[in-house]
Amino acid sequence: LNLDFSAYYNDTDMTYDGEIGGSYRGRETENLGYGFNLTNTARFSLGGASGTMVTGISYGADDYRVNALRGGNPPGELRRSSAFSEATLQSGIYTLNAGLRYDHWRMSGYQPPIAPGVGDCPPGGPTCGDATVNRSGGRVLPRLQLAAEPIQGLQFSAGYSHTFRPPTVQEMLFSLIPIGAGVGTGAANNLNLEPETARSWELGANLARDNVFSHGDALRLRVGYFSSRIDNFIVNDFVNVPGRGVVENMSLHV
């Protein structure tokens, strides 16, 4: 039993006072970030091999708040929680590292009003939006890495992993207006954004030698190759929104 606990809290306030001209004048923003991480490290032996097992949980939140002069920055919250376990087993020249992680995310934010006939709001009906919206999801993320050191100081490794990134409040609820008064429109919102997911391969070699040319010198060489395939990659682009025309900086998948 070897527990480690850490926590953080960060409060960032930004105010543009009256001496600043233009549409930034009077704008106020606040961003709260907080979370914690709890892990336990256990050491064990398995036959002739030695091992380490790290298990834990983590939680993080990002809460963005703005006043009426928010411009294109919508208020909202993004929360992520994780449970993970990672084992390292070493035997002879080989080291095996295997991990499994579950990440869950939840987004909550305000969707501005959408006029009938604009975007996804049906024509001839009431105004859409003007409500708090939520999205959430989760994913299991495996990771595996094998390393071998056939000669002391020379190590080869190969690995495979899954990672993902949930969309931000800004990407889902971009409100289409410049810095200034008003809450904008939900016509450019994209609540159907899915998290970016990546499958990555990694190959590498490390060389460490001391006293190569003279006593006390050191030689370190690292060579690596990485290949990642990212699905649901999120970008900003120009999109033709029904009833509104071409809209810029709308987040979508490629």
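The values are calculated or read from the model by the stated rules, or taken from the named source; none is laboratory data. Keep in mind that what you see is a predicted model, and the values were worked out from it rather than measured. All Cβ positions, glycine included, derive from the backbone under ideal geometry; neighbour counts span all protein chains shown. These accessible areas exclude ligands, DNA and RNA; they are computed on the full protein's heavy atoms, side chains included. Shrake-Rupley method; radii C 1.70, N 1.55, O 1.52, S 1.80 Å.
Looking across the range 27-41 at every residue that is open to solvent by 40 Å² or more (accessible area, probe 1.4 Å) and either basic (Lys, Arg) or at pLDDT 95 or above (or both), the one that is farthest from the chain's Cα centre (by Cα) is identified as LEU38.
I'd like to check which strands (runs of 3 or more DSSP E) are fully inside the range 191-254 and have at least 1 residues that are open to solvent by 50 Å² or more (accessible area, probe 1.4 Å), in contact (Cβ under 8 Å) with a residue 12 or more places away in the chain and β-branched (Val, Ile, Thr).
218-231
Being modelled with pLDDT of 85 or more and farther than 30 Å from SER82 by Cα is true of LEU207. Across the range 2-26, the qualifying residues are those that are part of a loop (DSSP other than H, G, I, E, B) and at negative phi, and the one among them that is modelled with the highest pLDDT is ASN2. For the range 177-197, does any single residue satisfy the condition of being more than 25 Å from the chain's Cα centre (by Cα) and at pLDDT 95 or above? Among the residues of the range 177-197, not one is more than 25 Å from the chain's Cα centre (by Cα) and at pLDDT 95 or above, which makes the answer no. When the range 111-133 is filtered for residues that are open to solvent by less than 80 Å² (accessible area, probe 1.4 Å) and either within 11 Å of LEU191 (Cα to Cα) or of a type in the set (Val, Ile, Thr) (or both), the ones remaining, listed by number, are GLN111, ILE114, VAL118, VAL133. Entry remark, the range 48-67: residues being at pLDDT below 95, under 15 Å from THR95 (Cβ atoms) and open to solvent by 50 Å² or more (accessible area, probe 1.4 Å) number 2 in total. Taking each residue of the range 83-97 that is free of Cβ contacts under 8 Å to residues at least 40 places away in the same chain and farther than 19 Å from GLN155 by Cβ and looking for partners that are surrounded by 13 or more Cβ atoms within 10 Å (Cβ to Cβ) and of a type in the set (Lys, Arg) with beta-carbon atoms closer than 6 Å, six or more apart or interchain, yields PHE84/ARG101.
Among the criteria (1) open to solvent by 40 Å² or more (accessible area, probe 1.4 Å); (2) part of a loop (DSSP other than H, G, I, E, B); (3) out of contact with any Cys (no Cβ under 9 Å at 6 or more places or on another chain); (4) over 30 Å from SER91 (Cα atoms), the one ARG139 does not fulfil is (2). For the range 134-177, a residue qualifies if it is in contact (Cβ under 8 Å) with a residue 12 or more places away in the chain and among the polar types (S, T, N, Q), and the qualifying residues are ASN134, SER136, GLN145, GLN155, SER157, SER161, THR163, THR168, GLN170, SER175.
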